[in-house]
């Protein structure tokens, strides 16, 4: 039905597909081939390599040279600027009515754009994002989770979803298609953050509705080099900073934000982050409980979390019973 609708469109709307490339030379050709195989003709491909230290740029240049008739180009950063700057570069360079982003180790399924563009073309103007189910695979390309949402990890709420997204970032970037005009309304990605999506979804959700499409349209690769396996402290601190922007929008939202602040501030302490005192102070300001006070006192005394874990373990061995741990 979606393909039939697209066939009857007088002119297919242009979609800008952005590929965020960084040190994925072994996977990037598979990603690019999946874009080339999409059942949708009106595509502008922009690849931004964020100063990869492997041979990603050479691999991409070779792929483009063999697709000389394809509307694709590479932008190579001389220095690493972070994924949020990469996303802003996509938006700045894009000419499409719609935009979508994918990592340089993930895969699009052939029907991805044909289905999602048809949905967006039929949707009301207040719909800014359509998102689909995704699968997960490992480094060898074996699917480890066929359906993200039916697997019970998250519920794909749709409509006005700001409060739902505040509870949990359940929208996976590679499974989305966005109106380019969303960025004119909500602004650019926050380049002070270490990851891009949750902050942007929350800002878009204040102004636009989301639509869920239940078909799997993309496959997310999880491997040892993935960003989710690295930079845990940076990501926790970014969560704390983006949540500050959402305070005061609603009473229900502030309750959720308080819970997140308590969690992520403690994560920073457990990871011995240098700003632990700052964020544990913030935790104490929003949650006046014994644990918040104890963690703040320990952090101000310069006692690392690993030391407290050792002490806790020693006490349990001595007295033979469980004691609270941080």
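The values are calculated or read from the model by the stated rules, or taken from the named source; none is laboratory data. Quick caveat: nothing in here was measured; it's all calculated off a predicted structure. Cβ placement follows ideal geometry from the backbone for every residue including glycine, while neighbour counts extend to all protein chains displayed.
Quick notes
- Exclusive hit being over 18 Å from residue 178 (Cα atoms), part of a strand (DSSP E or B), touching a helix residue (DSSP H, G or I) at 6+ places or on another chain (Cβ under 7 Å) and assigned by TED's automatic domain parsing to the domain that holds residue 182, set 45, 74: 74
- For the stretch 88-109, the candidate set comprises residues that are under 18 Å from residue 22 (Cα atoms) and out of contact with any helix residue (DSSP H, G or I) (no Cβ under 8 Å at 6 or more places or on another chain); within that set, the residue that is surrounded by the most Cβ atoms within 10 Å (Cβ to Cβ) is 90.
- Residue among 151, 159 that alone is at pLDDT 95 or above and either more than 24 Å from residue 84 (Cα to Cα) or not assigned by TED's automatic domain parsing to the domain that holds residue 220 (or both): 159
- Set side by side, the residues 57, 86 differ, and just one is more than 18 Å from the chain's Cα centre (by Cα), part of a helix (DSSP H, G or I) and assigned by TED's automatic domain parsing to the domain that holds residue 191, which is 57.
- Members of the stretch 260-277 that are loosely packed, with under 15 Cβ neighbours inside 10 Å and at pLDDT 95 or above: 263
- Taken together, the criteria exclude residue 197 from residues that are in the same structural domain as residue 208 (by TED's automatic domain parsing) and over 14 Å from the mean Cα position of the chain (by Cα).
- Residues of the stretch 48-70 satisfying the condition of being surrounded by 19 or more Cβ atoms within 10 Å (Cβ to Cβ) and in contact with a helix residue (DSSP H, G or I) (Cβ under 7 Å, 6 or more places away or on another chain): 48, 49, 50, 56, 59, 60, 63
- Verdict on residue 133 being closer than 21 Å to residue 28 by Cα and at pLDDT 95 or above: no
- The helices (runs of 4 or more DSSP H) found entirely in the stretch 198-291 that carry 2 or more residues being more than 30 Å from residue 143 (Cα to Cα) and free of Cβ contacts under 8 Å to residues at least 12 places away in the same chain are 251-270, 276-286.
- Residue in the stretch 139-160 that is crowded, with 16+ Cβ neighbours inside 10 Å and within 20 Å of residue 195 (Cα to Cα) present: no
- Close pairs from the stretch 70-82: first within 12 Å of residue 47 (Cβ to Cβ), partner assigned to a loop (DSSP other than H, G, I, E, B), Cβ under 7 Å, at least 6 apart: 77/50; 77/51
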